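Structure record follows, encoded as structure tokens.
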């Protein structure tokens, strides 16, 4: 009789507690509806890892589906037709593993263990694991952690480079610690989009730097050609940056971009705060009433994170978004085009983007500090796990580090999301 009662109780518990819990869960990407709500067009919407993007037939809105369901829903008229070749390629890539998870430690949390539900004790455990990559890097990979009592979606706060393992940890409830397992959800498809966008930005940054370095003083024909090239490259770079930061914002992932700036004042004047100064103005040969304006933008004692310069004339106002940060007490030399009836009417000034720039600087400093703390906590946890001479309060120390890692990860993701949003909104305008 007791055996029957225990079996019924266990079945009741499993039916109750195996419903997916998303406490402290982080989606790999924000839903399509939220992406379109903030102004992202259908063709730019990114689906969660392992999902294929389709357009609904009736509403013309984006839906992200399991690849196996796409053909069926297209046939039924629920979704618009898709490129079968792309669909098959997508399915083929998903079959290739991009990483694995190694379990390092499962240990009970004594202070929370032993909460009875029916006849079974459900407690909390520290689950320590590492995510390892192969030949493909993973951007903020998502892990599903399951037990007989809970399921959690867990997103790492960093990018894992190729052939690298990164440790992490979380707390999960379980009746039996043997039931705890983890699965890597991110299969590399989203990461490939990010790494491709990053490579494009880096290439354009190098092209822009080379073009700016070739500018000389004066009104030579060569300067005009370089001015055209700079304007075109900077536009492409800003577009690429907007695309990259849009992806970062959607994925809540790190922003890691190189900082390339000029190290001197080109006009030879002392740098006094954030300023913009015209170096030369020359009439464009190809376009009537159009002038090439070569100018420098300088920062004072504080870095300018999102530099925007306004050039005005009697015919037009142009906001120039520079491709790089301006480091303290340095300047950048670049150029832009503007329509004008009288070249003497052309003026230049800082566009007044201080609020967004300062907020971005503060967020970057916060992220850097939190990441340092995260590295320290992970190193301490790793040392604890691999120490053969474990202290008496081993479980308590592990719990403390796991809780710290979890909170730091949450704080980093939140700060990165806010930073990516600011940069995306700046560059897309």
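Between residue 345 and residue 373, the modelled label-to-label distance comes to 5.4 nm, taking each label 7 Å out from Cα in the direction of the beta carbon.
Could you calculate the FRET efficiency of residue 103 with residue 310 from 1/(1 + (r/R0)^6), where r is the beta carbon distance between them and R0 is 60 Å, rounded to 0.05?
Values: r = 56 Å, r/R0 = 0.94.
Between residue 103 and residue 310 the formula returns 0.60.
Taking 30 Å as R0, compute the FRET efficiency from the Cβ-Cβ separation of residue 203 and residue 68 and round it to 0.05. The computed FRET efficiency comes out at 0.25.
Quick check: residue separation of residue 222 and residue 132 times 0.36 nm, minus the Cα distance between them. What number comes out in nm? Mind showing how you got there, number by number?
Working: separation 90, 0.36 × 90 = 32.40 nm, distance 5.08 nm.
Stretched fully, the residue 222-residue 132 segment lengthens by 27.3 nm.
Taking 0.36 nm per intervening residue step and subtracting the Cα-Cα distance, what contour gain separates residue 272 from residue 397 on full extension? Could the numbers behind the result be given before it?
On the way: separation 125, 0.36 × 125 = 45.00 nm, distance 5.14 nm.
Here the answer is 39.9 nm.
Here the gap between residue 389 and residue 287, fully extended at 0.36 nm per residue and compared with their Cα-Cα distance, gives a gain of 29.0 nm.
Bear in mind that the values in this text are calculations on the coordinates, not laboratory data. Values in this document were obtained by computation on a predicted structure and should not be read as measured data. Ideal geometry is used to build each Cβ from the backbone, glycine not excepted, and the neighbour counts take in all protein chains shown.
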